[in-house]
Structures are given as C-alpha cells and as structure tokens.
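Have a look at the structure below, then the notes.
Quick note: the coordinates plus some simple rules give every number you see, no bench work behind them. Computed from a predicted structure; not experimentally measured. Using ideal geometry, Cβ is built from the backbone for each residue, glycine included, and neighbour counts are taken over all protein chains shown.
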Amino acid sequence: MREEKQRFRQEQRARRRHLSSDYWQQVGHGITDRLCVLLSDQRVNQVGLYWPLADEPVIGELPCSLAFPRVEGQCMRFLQCEASALRPGTFGIEEPPAECEEVIPEVLIVPGLAFAQDGSRLGRGKGFYDRYLTAQEPWKIGVIDEAGLVASLPVEAHDARMDVIITQERVLMRKDDRR
C-alpha cells in the first residue's frame, strides 16, 4: 500500500512540477469563490486554513476568522492569527507565532496532492493532517485543481476522508456528509 501511495505521490509531483504560480492563483480564485458561498451558507465562524506551497491553490479572503497550522514535533495545532503575522516555521512553511491563541476550527481547509470523489486524500506523506483529524472532527474541505481529482486512491485505515472537495470548477459533497 505504501509503495502504491509513493507512486501516486511521484506522479502528482511530476504533474505539478511545471505548473506556474499564475495557474495556482487562478485555481485558487475559482476555489475561493466556491468556498465563500459554502462558508456563508453554512454560517461558519472559524476556519483552519493552510499557507500554500508553490504547487498548491492560493486561497483568497474568506468571510470568517482564520487559524493556521503550526507544526510542533509530530503534532499540528491551529492558532488564530492574521496571515500577515505568519513567519517561516517547520519545513520553511509560514506558521503563526507560538503565542497566538489555539483554536479548534469548525471547518478545516485541507490541501493535498490528489483527491478522489469518495473524499479520500493523498497528502505529502508526513501524516500531520491525518493525525490532527484523528483527535478533532471539523468539517473537512479538500481543495485541489480539477486535474488532481482522480477516480480512486489507495487508502489506509488512518487516512482521513474529506466531507467536501472543491476544485476551480465544482463542489463535490460526500453523500454521507453530516451537514
């Protein structure tokens, strides 16, 4: 199973390698439009949002309070802060300062290398989101470009499934979604 996941990761990294920052801005714009409607309809107040890597959708302004992940050892916490307060942290990714208030987001916006329509996610392989989601149960929204949405993915028991997947073109709700 792990070898199959690694093969999928390599394929997705190769697919993304030559995509420009303009591409990810455009993808993010389409996703942000759909996210804003969904979050407003659901009356969400607190969202956990990632800071994008060079090959991830750039999410714009959202109609709610934001918290960003901070990695500490093998754990991840979400701390409330403005994006302007983020600083380079673990793995060189922008993180909130340790003194910011820890929160448990109602909704978690989750990046991935690929998603399948059943809600399964292929992450980067470190397990931070899967570990966080074992302890917390926010509404999970996976965000990906349309090309990163695949028919199926290899899944292990510890892999968290998303409740919703949003691409620049559509919103996919799981049939068993609790909202």
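Please list, by residue number, every one of the GluC sites (Glu not before Pro) in the range 65-99 that is coil in DSSP and has at most 10 other beta-carbon atoms within 10 Å.
E99
Dipole orientation for the chain: of the candidates C81, L19, G48, L19 has the Cα lying most toward the positive pole (charges on Cβ; Lys, Arg +1; Asp, Glu -1). Length available on full extension from T90 to D33: 0.36 nm per residue minus the Cα-Cα distance, which gives 17.6 nm. When the chain is described by a simple charge dipole with +1 on each Lys and Arg Cβ and -1 on each Asp and Glu Cβ, the residue from L35, F68, Q10 located farthest towards its positive end is Q10. Dipole of the range 2-173 computed with +1 at Lys/Arg Cβ and -1 at Asp/Glu Cβ about the Cα centre; of G119, V103, H158, farthest Cα towards the positive end is H158.
Label-to-label distance for D22 and C75 is 4.5 nm, based on points extended 7 Å past Cα in the beta-carbon direction.
Close amide H contacts of G112 (hydrogens built in the peptide plane, cut-off under 5 Å, sequence separation of 5 or more or a different chain): V143.
Applying 0.36 nm per residue to the separation of S65 and T134 and subtracting their alpha-carbon distance, the gain on full extension is 22.5 nm.
For the chain, the share of DSSP beta bridges that are antiparallel, to the nearest 5, is 50%. From least to most packed, judged by other beta carbons within 10 angstrom and beginning with the fewest, K126, K5 follow the order K126, K5. Rounded to the nearest 20, the size of the Cβ-charge dipole of the range 53-165 about its Cα centre is 280 debye, with Lys and Arg at +1 and Asp and Glu at -1. Once the C-beta distance of E4 and M173 is scaled by a Förster radius of 30 Å, the resulting FRET efficiency is 0.65 to the nearest 0.05. With R₀ set to 22 Å, the beta-carbon distance separating E82 from Q42 gives a calculated FRET efficiency near 0.45.
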